Amino acid sequence: MSSASHVQQIAAPLHVAPRFRPHALLAFAALLWFAAAGVSVWVPDADDYERTALFALLVGAVGAVLAAASLAEPALPKGLAARLRGVAPWLAVLPVLLVGWELVTAKFDLLPRPFFAAPQSLLEVFTDDWRRLGESVARSLFLLLGGYAIGAAVGFVAGVAVGWSRAVGYWVHPVLRLVGPLPATAWLPLAFFIFPTSHSASTFLVALATGFPVTVLTWSGVAGVNRAYYDVARTMGAGRAFLVLKVAIPAAMPSVFVGLFMGLGASFAVLVVAEMMGVKAGLGWYLQWAQGWAAYANMYAALLVMALMCTGLITLLFRARDRLLAWQKGLVQW
Amino acid sequence: MVSAARLSEPAFAAGAAIGVRRVSHRFDLGGAVLPVIEGLSVEIEPGSFVALLGPSGCGKSTLLRLVAGLEPPSAGQLLVDGLPIAGPSPERVVVFQDPTLFPWRTVWDNAALGLEAQGVRGEERRERVGTALARVGLAGFANAYPHQLSGGMAQRAALARAIVNQPRVLILDEPLGKLDSLTRIAMQAELVGMWQRAGFTTLMVTHDVEEALFMAQRVLVLSDRPARLVADLAVDLPYPRHRGDPRIAELRRQALGLLGLDATW
Ligand SMILES: Nc1ncnc2c1ncn2[C@@H]1O[C@H](COP(=O)(O)OP(=O)(O)O)[C@@H](O)[C@H]1O
Ligand SMILES: [Mg+2]
C-alpha cells in the first residue's frame, strides 16, 4: 500500500493539469434518464394516471444526479467513483427498461390492465398507501427479526452442544434427523393451535426455520475443528471453557455463518406464509389483501418492498460476516 | 540475533528431568490392537537437548504426546522431576510440525494464547508476549494474521507461542520438517541458541540425522514399530558446531547404520 502511494507521488507531477473530462458512460446514462422523463411527460397517458408528473419528476431527478456525478466524477472520493463506474452500465439500461414498461402500460395500454400495473401506479401506492405499507414492513421486520434471533441463538447453542458433547449428540442427533428436514410451514396448523397468539405462533415458526440450518452447520463446524488446535491449547493450560469459547467456537464461525445465511433464506419463506395464514399483518398479509381487492399495483409495490427488505437483511449479514471473519483468506480488507 | 541477545532474559525456570520407565503404548483400532511403544525406558537430564530418531511411523510422535501429557500411557510411568505426569501442563509445551496457529488470531494473540488460558494478564502478559515475539524476530508482525506469514515465520510464531509459557520442557515434533533448507539451517542455530539461553530441557523428534547431530547433546535411535531403544548416542561436541566436523560425519554413519541405511559413500 505504501509503495502504491509512493508511485503516485512520483507519477503526480507528470500530469500537472489533469484534463477535465466528464465520465462518458455516466453522462450517457443521465441523458437516457432525462429522455425517459421526457417520454413520460410528453407522450399522453392512455388513461387517468394520477402520478405521471411525479414519476417524470423523479426519473428526471435521477438524471440530474447522474449528470452531476458524471461531471464531478474525477473529484469524487475514489471508492465512490469506482462504485459509480461499476454500476454505470446498469444505470444506462434501467431507464430504457423503465421507458419500455411505461410505454406498454400507461402510454399505449398494450397489456391486460388489472394484472399489469404502470410504474406510476406503483408510485401512487407508495404516495397514497405508505402508511399501511410502512406498518406492514414494521410488523414483518418485528416478527422476522424476533423469530430469527431466537432461532439463531437456540440453534447456535444447540449446535455447539451437539458438536462438543457426545452425550448431547446422542440424544439430539436422532431428533434433528427426524424433525429437521420437515418444512417449518408443516407445523403451521399445530403452532396456531398450541400458541396463545398468532404472533407467538409465527415467531415460533420463523425460529424453527432458522434454527435447523444454524444448528446443523454450527454442529458440523464444531465437530470439524482441527484436533491439533485442542492439543495446542491444552498443553498451554486451557480448561474446558477455554476450549469451547476460544477454540471450538471461533474455529466453527465460518460454518456458523453458512447456517445463518441458510436460516435467513428459510425464515423469509416461513414469514410470508405465516403472515398470509395466521397473523393477518405484515407484508405477506398485505400481498394477500392486495390480491383479494385485485389491487395489483399494491401487490407489485409490496413485492418490491419485500425484495428490498430481504436483500437489505442479507447484505447486513454479509457485512457482519466480513467484519467477524476478516481473518479468512481473501476476505481481508485493509 | 545480535539485537535479540541484548533483550532482557525471560525468567525461565530451570529445565526439568524426564523419566520414561518401562513405558508401553498401544492403540485400539476397532478391535485390533496396535502396539506402538514397547517397554521403553529413558532418563533425560534436566536442561539437556535430546533428539529422537526413528523410522517413520515407529511411535516418536506418540512418545512426545505421552510426555506432553496429552494421553496417558497404556503401561509404565512417565515422570517429570520424579513426579508422575498427570496431564498436559504449560511446563511442557509442544511445537508440532505444522505451526497450527489459530487462523482467526493475529500473531500477537496467538503468542498470547497460553497466558490467556492461564489467566496471566495486563502488563505481565504484554511484556512476556512482546519478549517472545522479539526473541523469534517477529516483533514487526504482531498484527499480521497467520495466512500472511511464510512457513518459516509461521513456525517462529508457533515457537514464540511455546516459549511465552516459560516451559521447563520444550517438546519439538519435527519442528523444521516442512521448511525450506535455508530457513531450516537458520532456525536450527536459533533453536540451539534459545535452548542455551533459556535452559529448558529439549526433546526433539527429527527425521534428519544431520539435524539431530548438529543440534542435540544426545541422540536416541528408536526401532521400527513398536518403538524400542536401539542406541543412545552421545554427541560429545561443543557448540557452536560445524556441519563438516569429522566427528559428526562419523556419528552420522553410525546412526544411519543403526537405522538400517548403510551409508555407501
Ligand atoms: N490416535 C491414534 N489412533 C490410532 N493409531 C494411531 C494414533 N496415533 C498414531 N497412531 C499410529 O501409531 C503409529 C505411530 O504413530 P506416530 O507416533 O505418529 O509415528 P511417528 O514415529 O512417525 O511420529 C502409526 O502407525 C500410527 O498410524
Ligand atoms: Mg510423527
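Here are a few things to note about the model shown:
- In the set (1) within 16 Å of ligand 1 (Cβ to nearest atom); (2) in the same structural domain as B:Gly193 (by TED's automatic domain parsing); (3) not in a helix (DSSP H, G or I), B:Thr100 fails one condition alone, (2).
- The conditions of being open to solvent by 40 Å² or more (accessible area, probe 1.4 Å), modelled with pLDDT of 90 or more and in contact with a Phe, Trp or Tyr (Cβ under 7 Å, 6 or more places away or on another chain) are not met by B:Arg156.
- Cβ-Cβ distances below 7 Å connect no pair with a first residue in region B:218-233 that is on the phi > 0 side of the Ramachandran plot, a second residue that is open to solvent by 20 Å² or more (accessible area, probe 1.4 Å) and within 12 Å of ligand 1 (Cβ to nearest atom), and a separation of six or more residues or different chains.
- For region B:81-106, residues that are within 15 Å of ligand 2 (Cβ to nearest atom) and touching a residue at least 60 places away in the same chain (Cβ under 8 Å) total 5.
- Matching option when the condition is in the same structural domain as A:Gly221 (by TED's automatic domain parsing) and at pLDDT 95 or above, among A:Val137, A:Val157, A:Val168: A:Val157
- Members of region B:20-66 found to be of a type in the set (S, T, N, Q), near ligand 1 (Cβ under 10 Å from one of its atoms) and over 14 Å from the mean Cα position of the chain (by Cα), listed by number: B:Ser56
- Residues that are in a loop (DSSP other than H, G, I, E, B), closer than 21 Å to A:Ser267 by Cβ and open to solvent by less than 40 Å² (accessible area, probe 1.4 Å), drawn from region A:155-190: A:Gly180
- Residue match in region B:174-184 (condition: in contact with a strand residue (DSSP E or B) (Cβ under 8 Å, 6 or more places away or on another chain), open to solvent by 20 Å² or more (accessible area, probe 1.4 Å), within 14 Å of chain A (Cβ to nearest Cβ) and within 16 Å of ligand 1 (Cβ to nearest atom)): yes
- Region B:129-150, subset of a type in the set (Gly, Ala, Ser) and in contact (Cβ under 8 Å) with a residue 40 or more places away in the chain, residue least open to solvent (accessible area, probe 1.4 Å): B:Ala132
- Condition met for A:Ala290 (of a type in the set (Gly, Ala, Ser), under 26 Å from A:Phe115 (Cβ atoms) and either within 14 Å of another protein chain (Cβ to nearest Cβ) or assigned to a loop (DSSP other than H, G, I, E, B) (or both)): no
- Looking only at region B:107-125, residues that are in a loop (DSSP other than H, G, I, E, B) and either within 7 Å of chain A (Cβ to nearest Cβ) or open to solvent by 20 Å² or more (accessible area, probe 1.4 Å) (or both) come to 3 in all.
- Region B:141-155, subset out of contact with any Asp or Glu (no Cβ under 8 Å at 6 or more places or on another chain) and away from every other protein chain (no Cβ under 14 Å), residue nearest to B:Pro175 (Cα to Cα): B:Met153
- Checklist (1) open to solvent by 30 Å² or more (accessible area, probe 1.4 Å); (2) within 14 Å of chain B (Cβ to nearest Cβ); (3) more than 16 Å from A:Val154 (Cα to Cα) applied to A:Met276, failing item: (2)
- Strands (runs of 3 or more DSSP E) completely within region B:165-265 that count 3 or more residues being within 16 Å of ligand 2 (Cβ to nearest atom) and either modelled with pLDDT of 90 or more or among the basic types (Lys, Arg) (or both): B:169-173, B:201-205, B:218-222
- B:Ala75 assigned by TED's automatic domain parsing to the domain that holds B:Ala14 and more than 13 Å from ligand 1 (Cβ to nearest atom): yes
- Test result for A:Ala152, under 18 Å from A:Ile249 (Cα atoms) and part of a helix (DSSP H, G or I): yes
- For the criterion of being within 13 Å of chain A (Cβ to nearest Cβ) and under 27 Å from B:Gly193 (Cβ atoms), B:Asp98 passes.
- A single entry from B:Leu251, B:Leu220, B:Leu258 fulfils the requirement of being crowded, with 19+ Cβ neighbours inside 10 Å and within 16 Å of ligand 1 (Cβ to nearest atom): B:Leu220.
- Residue list for region B:95-106, filter: open to solvent by 10 Å² or more (accessible area, probe 1.4 Å) and not acidic (Asp, Glu): B:Phe96, B:Gln97, B:Pro99, B:Thr100, B:Leu101, B:Pro103, B:Trp104, B:Arg105, B:Thr106
- Residue in region B:77-86 that is more than 10 Å from chain A (Cβ to nearest Cβ), over 19 Å from the mean Cα position of the chain (by Cα) and in a loop (DSSP other than H, G, I, E, B) present: yes
- Residue within region A:272-284 that is in a loop (DSSP other than H, G, I, E, B) and within 30 Å of A:Arg113 (Cβ to Cβ) present: yes
- The set of residues from region B:71-88 being surrounded by fewer than 20 Cβ atoms within 10 Å (Cβ to Cβ) and closer than 12 Å to A:Asp231 by Cα comprises B:Glu71, B:Gly87.
- Residue match in region B:187-202 (condition: touching a residue at least 60 places away in the same chain (Cβ under 8 Å), buried (at least 17 other Cβ atoms within 10 Å of the Cβ) and within 16 Å of ligand 1 (Cβ to nearest atom)): no
The values are calculated or read from the model by the stated rules, or taken from the named source; none is laboratory data. What you are looking at is a predicted structure, and each value in this text was computed from that prediction instead of being measured. When we count neighbours, we look across all protein chains shown, and the Cβ atoms used for this are built from the backbone with ideal geometry, even at glycine. Please note that ligands, DNA and RNA were not included when accessible areas were found on the heavy atoms of the full protein model with its side chains. Shrake-Rupley method; radii C 1.70, N 1.55, O 1.52, S 1.80 Å.
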